[in-house]
Amino acid sequence: MDVGLLSRIQFGLTIGFHYIFPPLSIGLGLILVIMEGTYLRTKNSLYHEMTRFWVKIFGLIFALGAATGIVMEFQFGTNWATYSRFVGDVFGSALAAEGIFAFFLESGFLAILLFGWDRVSARMHFVATVMVALGAHFSAIWIVVANSWQQTPAGHHIVGMGETARAEIVDFWQMLLNPSTLDRVSHVFMGAWQAGAFFVLSVSAFYLLRKKHLDFARASMKIALIVALVGSLGQLATGHMSARTVAVTQPAKLAAFEGHYPASAPAGMYLFGWVDDEQGKTTGLQIPGFLSWLVYFDAAAPVTGLEAFPPNDRPPVNPVFQSYHLMVGIGMILIALALGGLFFWWRRRLFEMTWFLWIFVFSVLLPQIANQMGWFSAEVGRQPWIVYGLLRTAEGVSKSVTPGDVIASIVMFLLVYILLFILFIYHLNEKIQRGPEAPVAAEGHRT
């Protein structure tokens, strides 16, 4: 097999596994701030109990996220040497900022968050919780900035030629606020809030079904439902804004999202379908003119299609089409679940509706699948470019790596990640089965 394809599979495997954890830590960090802030305001020991329980879960998730994230940075040097040389001066600033302003902030206060309950005041512990949550959000910002620059490069010039060419920053703020940064950061945040909220909903519903920790589960579910609704509606809004940006900056990607082939014609939006790339044809259930309306607020406005680009400048259409529509479909389901949960809560029926609680138990998988499909759509939809319009993916691969080397590393990573995932599920299940501690009074904090 081709080294480039194998290296992409390897990187997709490692980042896909890693990306299970950061959205959970970001979303759960926000929920921890709400829970502990509510405790400080009300002095209700139930919220103190909730915070202590979810902090333990957060610590486990943070540890796995940190451990799995390190691997990807090494892959830049081992598998993508030409790419690393090209983007190093740009990525260096963003990744350094992520380490200084995000990871150090998050990890520095994490010890107080995990072990400071009886050693610092309640307010100081809350400050640590806020700092950890901010650190998790800041980490996402800088990683997305680096990735967004690959999608929509700005604020740079090219030095050198051929394999020695590299991008240098000439305007840091243009690099930072490149055309896709704000849309993509906000979209990632909403997906992370969904992941955290539906995780809390899942565990809370499990307790309600088992008739365990009932007050704890009801209170956790109420907070998580509000965050789930904000994240789900926010995901819809930020996704729309991001798609409008893609229409301008990466029109081939948007055309692949909807399987739109005519070079310039009004475009509908498919609810589902199948793309025959050889025939240049998409079949399925379509709302005519709706993509044109979403992008330009005019159903008759032409949208640039795949035929406007040479075949070697088009992404693989059907995989992008399917992953994008799966992401959108799950997003709509999550909105319906959040609205349904709040409606039944308002009607005072939610906590007794066994069938709906079972849906919540398994709903924890949906944000994870949607987040994975979103990244797949964004990254595969950028192909054949590793840096859009500047460097092709095939040109970024290390020259000294052999297919055998990459296959061996893929097998090794698979074995290690399977083991890590088994250990994660084991310890997560152990903590959930044990449940929250007995309620503790405010004296658990120093004054």
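Restricting attention to region 41-57, the residues being under 23 Å from S107 (Cα atoms) and either touching a Lys or Arg at 6+ places or on another chain (Cβ under 9 Å) or not in a helix (DSSP H, G or I) (or both) number 3.
Determine, yes or no, whether V411 is in a helix (DSSP H, G or I), at pLDDT 90 or above and aliphatic (A, V, I, L, M). The answer is yes for V411.
Could you check, for region 77-91, whether at least one of its residues is closer than 23 Å to P436 by Cα and buried (at least 18 other Cβ atoms within 10 Å of the Cβ)? Spell out how you get there, then give the answer.
Of all residues in region 77-91, those closer than 23 Å to P436 by Cα come to none.
Checking region 77-91: not a single residue is closer than 23 Å to P436 by Cα and buried (at least 18 other Cβ atoms within 10 Å of the Cβ).
As a summary of the residue check, G116 satisfies the conditions (1) under 30 Å from E395 (Cα atoms); (2) modelled with pLDDT under 85 except for the one numbered (1).
When you go through L366, L357 one by one, which is the residue that is among the aliphatic types (A, V, I, L, M) and over 22 Å from the mean Cα position of the chain (by Cα)?
On the way: L366 fails: over 22 Å from the mean Cα position of the chain (by Cα).
Testing whether each residue is among the aliphatic types (A, V, I, L, M) and over 22 Å from the mean Cα position of the chain (by Cα) leaves just L357.
Just to be sure before I move on: is V361 within 20 Å of Y207 (Cα to Cα), touching a residue at least 40 places away in the same chain (Cβ under 8 Å), in contact with a Ser or Thr (Cβ under 7 Å, 6 or more places away or on another chain) and in a helix (DSSP H, G or I) in the structure I sent? Criteria met by V361.
For (1) modelled with pLDDT under 90; (2) more than 27 Å from S232 (Cβ to Cβ); (3) more than 27 Å from the chain's Cα centre (by Cα); (4) basic (K, R), each residue gets a yes or a no:
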| site | (1), (2), (3), (4) |
| --- | --- |
| F257 | no, no, no, no |
| W274 | no, yes, no, no |
| G280 | yes, yes, yes, no |
| I287 | no, no, yes, no |
| P315 | no, yes, no, no |
| S323 | no, no, no, no |
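Counting the residues of region 136-162 that are within 14 Å of the chain's Cα centre (by Cα) and of a type outside the set (F, W, Y) gives 10.
Of all the residues that make up region 60-74, how many are modelled with pLDDT of 90 or more and of a type outside the set (V, I, T)? First the steps, then the outcome.
As a first pass, look at region 60-74 and keep what is modelled with pLDDT of 90 or more: 60-61.
When the remaining residues are screened for being of a type outside the set (V, I, T), the result is 60.
Residues that pass the stated criteria total 1.
Selection of first residues in region 62-75 that are at negative phi and of second residues that are at pLDDT below 80, restricted to Cβ pairs under 9 Å at least 6 apart or on distinct chains, gives the following pairs, ordered by first then second residue: F62/E106; F62/S107; A66/F103; A66/S107; E73/L95. In region 364-408, the residue that is surrounded by the most Cβ atoms within 10 Å (Cβ to Cβ) out of those that are modelled with pLDDT of 90 or more, assigned to a loop (DSSP other than H, G, I, E, B) and touching a Phe, Trp or Tyr at 6+ places or on another chain (Cβ under 8 Å) is G381. Among residues of region 198-217 that are among the acidic types (D, E), those with a Cβ under 7 angstrom from a residue that is surrounded by fewer than 24 Cβ atoms within 10 Å (Cβ to Cβ) and modelled with pLDDT under 95, sequence gap 6+ or separate chain, pair up as D215/L46. For region 66-103, residues that are in contact with a strand residue (DSSP E or B) (Cβ under 7 Å, 6 or more places away or on another chain) and not aromatic (F, W, Y) total 6.
When region 205-262 is filtered for residues that are part of a helix (DSSP H, G or I), farther than 26 Å from M35 by Cβ and charged (D, E, K, R), the ones remaining, listed by number, are R244, K253. Could we say that T38 is of a type outside the set (D, E, K, R) and within 19 Å of M131 (Cβ to Cβ) here? When the stated conditions are applied, T38 passes them.
Can you name the residue in region 112-147 that is in contact with a His (Cβ under 8 Å, 6 or more places away or on another chain) and in contact (Cβ under 8 Å) with a residue 40 or more places away in the chain and is also farthest from A97 (Cα to Cα) among such residues? Among those that are in contact with a His (Cβ under 8 Å, 6 or more places away or on another chain) and in contact (Cβ under 8 Å) with a residue 40 or more places away in the chain, it is D118. Could you tell me whether region 132-147 includes any residue that is in contact with a Lys or Arg (Cβ under 7 Å, 6 or more places away or on another chain), of a type in the set (A, V, I, L, M, F, W, C) and within 30 Å of S232 (Cα to Cα)? So far as region 132-147 goes, yes, one or more of its residues are in contact with a Lys or Arg (Cβ under 7 Å, 6 or more places away or on another chain), of a type in the set (A, V, I, L, M, F, W, C) and within 30 Å of S232 (Cα to Cα).
The values are calculated or read from the model by the stated rules, or taken from the named source; none is laboratory data. Since this is a predicted model, take the numbers as computed values, not measurements. No Cβ is skipped: glycine too gets one built from the backbone with ideal geometry, and neighbour counts run over all protein chains shown.
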